[in-house]
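Here is the structure we will look at, set down as structure tokens.
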Amino acid sequence: MDALDRLVETISREGVEDELVLAAMRKVDRALFVPEGTRDQAYVNAPLAIGQGQTISQPLVVGLMTQALALTQDSKVLEIGTGSGYQTAILAELARQVISIERHARLAHHAAQLLARLGYANVSVHAGSGSAGWPDEAPYDRILVTAGSPRIPVGLLAQLKRGGRMVVPVGSRYEQRLVVLQKGPGGLEEHNLGPVRFVPLIGEGAWGDDAGED
């Protein structure tokens, strides 16, 4: 068993049970999505810095969030926070179309190039404010937010189809709870998956940018 297989076995034991998600995580090599200097840590179940003050999420969290989306082959997904493109690639393995937004133009450009090089023709990456979503392609079957929001982002909910599902970390800048939201016939259903820690979601309806990053 190689290092990637051992990593997937670890997250399987820790709560990721969906076989399709596990298969996607075996197929997508995390080492391709981390900086060259940290590739020896790519198969550790931990977040890693990727520059611009951003991180590639812990693989267990990636697996749990993907599982919570309950994707189908017909799903059209909006991802908020492309980062290095690792989560994007896993979504692309499972969904029909992925539209991903990254506020750091350099990260967006690098991720778009890498995903194209790896053959993900069903992905489009845009540089922009994630808190605003991407109205041009709305509505979406699923929305995944990979940054912590101070509240449930109503602007993104407006871009979610009826019957659709959103997974979003909600809380303070430093710790959040992972929330699954379902737009059901009786209104919004909410389920809490437990504590997580993500970089803050920046923009209107979220946190202000006090870091001055481009």
* **For V179, distant residues with modelled amide H under 5 Å away** => V168, V170, L193
* **Contour minus Cα-Cα distance for E175 and A46 (0.36 nm per residue)** => 44.8 nm
* **Cα-centred dipole magnitude for region 114-214, charges only on beta-carbon of K, R (+1) and D, E (-1), debye, nearest 20** => 460
* To do: Give the label of the value calculated from the structure for semi-axes √(5λ) of the Cα gyration tensor in Å, choosing from (1) 29, 19, 16; (2) 24, 20, 17; (3) 50, 17, 14.
  => (2)
* Asked: Taking a temperature of 10 °C and a viscosity of 1.306 mPa s, what whole-number D in µm²/s does Stokes-Einstein yield for region 143-214 with Rh from Kirkwood over alpha carbon pairs?
  -> 126
* Structure fact -> Ranking I56, A206, Q113 by how far each Cα lies towards the positive end of the charge dipole of the chain (+1 on Lys and Arg Cβ, -1 on Asp and Glu Cβ), the top one is A206
* To do: Find out how many positive minus negative residues lie around A24, taking Lys and Arg as positive, Asp and Glu as negative, among other residues whose Cβ is under 13 Å from that of A24.
  => -1
* Amide hydrogen neighbours beyond the local backbone of I143, cut-off 5 Å, H modeled -> L78, R165, M166, V167
* **Most mobile of D141, D74, D29 in a GNM of the chain (Cα contacts under 10 Å)** => D74
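Rule-based calculations on the coordinates, nothing more; no lab input. Nothing here was measured: the structure is a model prediction, and the numbers come from that model. Cβ: placed from backbone, ideal geometry, glycine included. Neighbour counts: every protein chain shown.
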